[in-house]
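Below you'll find the structure, written out as structure tokens, and then a few comments.
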Amino acid sequence: MNSSYEVFGLATGIIRSGESIADRIIDAAEKTCGGFEEGDVLVLAETAVATAEGNIVRLETITPTPKARELGEKYGIDPRMAEVVIQESDSIVGGIPGFLLCMKGGTLLPNAGVDASNAPPGCVTPLPSDPDQSALSIRKTIEDKTGAGIGVIIADSRTHAMRLGCSGVAIGSSGIPSVINDQGRSDLFGRKLEVTKRAVGDNIASAAELVMGEADECTPAAIIRGIGLPLGDHLGVETIDATECLFMGAFAKNRTQW
């Protein structure tokens, strides 16, 4: 990778269900940084992608189950929201007031990624149904229309253990490696690295979120330019089992599943 790079926030206006998010991004890139260049990495907010794909749930259409009512009362959550979270989760681990802690697709996350922020009134947006395929489809469309080979990351905002605030996390990826293995390299004093792997997808997502924002910026995407990652037929974000996780390993055997 290179020693420096540029980040361009892409303001698109409000993305609506059924729109071509790729076309909106191409237009925004032309206005912001002269269009896409070979090797660019595009980062897209998961809510914008889910909205364009029509993955929006109107809470008025949801009838909560007894389990959703139980969880809603216990954690102070609208039971309709709790029902959507249950449907989107592989399992419910626990929760705190306002949030359920869930396992989904091999990842631990609040509310299974279901979010009311930047969703139409009375609605919530689950995560894209297949973030990797979303990234691949958007990447292929942009490459076909611009002629530039790029990488695409679908990003979400997550909290981290014992830290205040959110940072970016890659939940879908196409065209670039999401993790780079540094095992076997030497440190400053010649010791071989035994376990170090760099989560470059997550790092890029966090860099992009600095210019994308979380509120009413209407900037659901960013281009990372000049980072020098190799492009190829890479697809997906690597995960590990809860038993291998430094934070979850101690709790995995005692996890309560609803």
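When you scan the stretch 80-108, how many residues do you find that are more than 16 Å from Thr239 (Cβ to Cβ) and not β-branched (Val, Ile, Thr)? The qualifying residues number 13.
Only one of the numbered conditions (1) on the phi > 0 side of the Ramachandran plot; (2) in contact with a strand residue (DSSP E or B) (Cβ under 9 Å, 6 or more places away or on another chain); (3) modelled with pLDDT of 85 or more is violated by Gly228, and that is (2). Inspection of the stretch 28-36 finds no residue satisfying the criterion of being of a type in the set (A, V, I, L, M) and within 30 Å of Gln87 (Cβ to Cβ). Only a single item in (1) under 15 Å from the mean Cα position of the chain (by Cα); (2) of a type outside the set (Val, Ile, Thr); (3) under 16 Å from Leu229 (Cβ atoms); (4) outside any strand (DSSP E or B) is not met by Ser134, and it is number (3).
Looking at this structure, is Arg163 modelled with pLDDT under 90 and under 19 Å from the mean Cα position of the chain (by Cα)? Yes: the conditions hold for Arg163. Take the conditions open to solvent by less than 80 Å² (accessible area, probe 1.4 Å), among the polar types (S, T, N, Q), over 16 Å from Ile224 (Cβ atoms) and at pLDDT below 75 and apply them to Ser157. Does it pass? Against the criterion (open to solvent by less than 80 Å² (accessible area, probe 1.4 Å), among the polar types (S, T, N, Q), over 16 Å from Ile224 (Cβ atoms) and at pLDDT below 75), Ser157 does not qualify. Looking at Lys140, Lys197, just one residue is in contact with a strand residue (DSSP E or B) (Cβ under 9 Å, 6 or more places away or on another chain), at pLDDT 95 or above, among the basic types (Lys, Arg) and open to solvent by 40 Å² or more (accessible area, probe 1.4 Å), and that residue is Lys140. Do we find a residue being more than 20 Å from the chain's Cα centre (by Cα), of a type in the set (A, V, I, L, M) and either more than 24 Å from Gly122 (Cα to Cα) or at pLDDT 95 or above (or both) anywhere in the stretch 42-64? Checked the stretch 42-64: at least one residue is more than 20 Å from the chain's Cα centre (by Cα), of a type in the set (A, V, I, L, M) and either more than 24 Å from Gly122 (Cα to Cα) or at pLDDT 95 or above (or both).
Hand me the list of helices (runs of 4 or more DSSP H) wholly inside the stretch 1-76 holding 1 or more residues that are touching a residue at least 12 places away in the same chain (Cβ under 8 Å) and within 24 Å of Asp130 (Cα to Cα). In the stretch 1-76, the matching helices (runs of 4 or more DSSP H) lie at 21-33, 46-52. Residues in the stretch 83-112 that are free of Cβ contacts under 8 Å to residues at least 24 places away in the same chain, in contact with a strand residue (DSSP E or B) (Cβ under 6 Å, 6 or more places away or on another chain) and either open to solvent by less than 10 Å² (accessible area, probe 1.4 Å) or of a type outside the set (Asp, Glu) (or both): 3 in all.
From the list Gly190, Gly213, Gly149, Gly175, the lone residue that is over 17 Å from Pro131 (Cα atoms) and either open to solvent by less than 20 Å² (accessible area, probe 1.4 Å) or at pLDDT 80 or above (or both) is Gly149.
The values are calculated or read from the model by the stated rules, or taken from the named source; none is laboratory data. Since the model is a prediction, treat every value here as computed from it, not as a measurement. When we count neighbours, we look across all protein chains shown, and the Cβ atoms used for this are built from the backbone with ideal geometry, even at glycine. These accessible areas exclude ligands, DNA and RNA; they are computed on the full protein's heavy atoms, side chains included. Shrake-Rupley method; radii C 1.70, N 1.55, O 1.52, S 1.80 Å.
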